[in-house]
Amino acid sequence: MAAMLLATTSMAQTLERMQWFNEPENWEIKDDVLTMDVTPHSDFWRISHYGFTVDDGPVLYTTRGGEFEVKVKISGEYKERFDHAGLMIRIDKENYIKTGIEFVDGKYNLSAVVTHHTSDWSVIKLDKPVPFVWIKAVRRLDAIEVFYSFDDKEYTMMRNCWMQDNTPVMVGMMAASPDGEGFKAKFEHFQIKHLPDQRRLEWLEKHQ
């Protein structure tokens with residue numbers, strides 16, 4: 001029985017069982033690696049600063065109802081301003097977090113956009129181009145913590161933001177090319193780990 005449960009858990013996290021939102025024209029899953037030709041002139045943004053709303057970038061996702069940790073290794077052939085790739089955690093078109101690496105004015109930036117009706121944007125400029133980056137997000141209670149790493153060992157927090165708890169979310173890999181004709185993005189070692197509900201753990205401590 002334990003072996004069957006382990007196999008079921010593993011299968012549930014394979015990329016082939018995930019779903020597309022705004023499926024791109026060309027993509028491939030091979031050896032648990034997702035590569036895609038990012039849709040030209042696509043993005044996720046709502047209202048603030050620019051005055052427009054777009055919701056048409058590709059996302060390969062699964063759905064999670066509780067608390068979790070998700071991480072992925074990201075690389076891309078970034079070309080034009082605002083080309084970016086990373087993780088998406090999304091309730092609906094007005095409530096989501098996208099975070100990863102973004103190419104802005106010839107520089108690589110660690111980027112996070114948090115949207116609750118309107119979008120905000122925070123960046124950490126990197127001193128030099130990097131071949132890849134690891135992005136990890138942890139959902140606990142009503143918050144999402146976002147971390148980055150260049151070796152999958154030492155992680156640094158880059159954002160802590162609110163996200164409605166006890167609400168199912170889409171979790172997956174996203175990319176967008178707002179100003180450009182698209183680029184190739186690659187996602188490796190995508191992993192989601194279930195975390196026991198924090199409030200229930202606290203309840204159990206008091207009622208053992």
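Read-outs: derived from the displayed coordinates by stated rules, not from any lab. Predicted model, so just to flag it, every value in this text is computed and none were measured. All Cβ positions, glycine included, derive from the backbone under ideal geometry; neighbour counts span all protein chains shown.
For the stretch 17-198, what value does the Rg/Rh ratio take when both radii are computed over Cα atoms and Rh is the Kirkwood radius, given to two decimals?
0.93
How much net charge surrounds P178 when only the other residues with a Cβ under 9 Å from the Cβ of P178 are counted, with Lys and Arg +1 and Asp and Glu -1? Provide the component values of the computation, followed by the final result.
Working: positive: R81; negative: D43, E80, D83, D179.
Counting the neighbours of P178, the net charge comes to -3.
Picking from E69, E154, E188, which is most flexible by a Gaussian network model of the chain using Cα springs under 10 Å?
E154
What's the exposure ranking of K98, K193, K73, K136, going from fewest to most Cβ atoms within 10 Å?
The fewest-first ordering by Cβ neighbours comes to K193, K73, K136, K98.
Could you give me the ³J(HN,Hα) list for the stretch 27-34, computed from phi with Karplus coefficients 6.51, -1.76, 1.60 and θ = phi - 60°, whole Hz, x at Gly and Pro?
Using θ = phi - 60°, the values come out as 7, 8, 10, 9, 6, 6, 10, 9 Hz.
Would you mind checking the tilt of helix 2-12 against the longest principal axis of the Cα atoms of the chain, expressed as 0 to 90 degrees and rounded to 10?
20 degrees
Determine, from the Cβ-Cβ distance of L201 and I91 and an R0 of 22 Å, the FRET efficiency 1/(1 + (r/R0)^6), rounded to the nearest 0.05.
0.40
Could you list F183, F150 in order of exposure, starting from the residue whose Cβ has the fewest other Cβ atoms within 10 Å?
Values: F183 21, F150 14.
Sorted ascending by nearby Cβ count, the order is F150, F183.
With 17 Å as the cut-off, how large is the P(r) tail for the stretch 61-104, expressed as percent of Cα-Cα pairs?
42 percent
Once you keep just the Cα pairs under 8 angstrom separated by 6 or more residues, what percentage relative contact order results for the chain?
It rounds to 29 percent for the chain.
Highest mean first, how do 34-40, 82-88 rank when packing is the count of other Cβ atoms within 10 Å averaged over residues?
Working: 34-40: 20.7, 82-88: 25.9.
Result, highest mean first: 82-88, 34-40.
Apply the Karplus curve 6.51 cos²θ - 1.76 cosθ + 1.60, θ = phi - 60°, to the phi angles in the stretch 184-201 and return the couplings in whole Hz, x for Gly and Pro.
Once rounded to whole Hz, the list reads 8, 10, 10, 10, 10, 6, 5, 8, 10, 10, 5, 10, x, 4, 5, 5, 5, 4.
Once phi is turned into θ = phi - 60°, what whole-Hz ³J(HN,Hα) does the Karplus curve with 6.51, -1.76 and 1.60 give for every residue of the stretch 119-132, x standing for Gly and Pro?
9, 10, 8, 10, 9, 10, 6, 8, 5, 8, x, 10, x, 6
How far apart, in nm, are two points set 7 Å out from the Cα along the Cα-to-Cβ line at K153 and at T63?
Those two pseudo-labels are separated by 4.0 nm.
Listing W134, W27 from the residue with the fewest other Cβ atoms within 10 Å to the one with the most, what is the order?
Listed from fewest to most nearby Cβ atoms, that is W27, W134.
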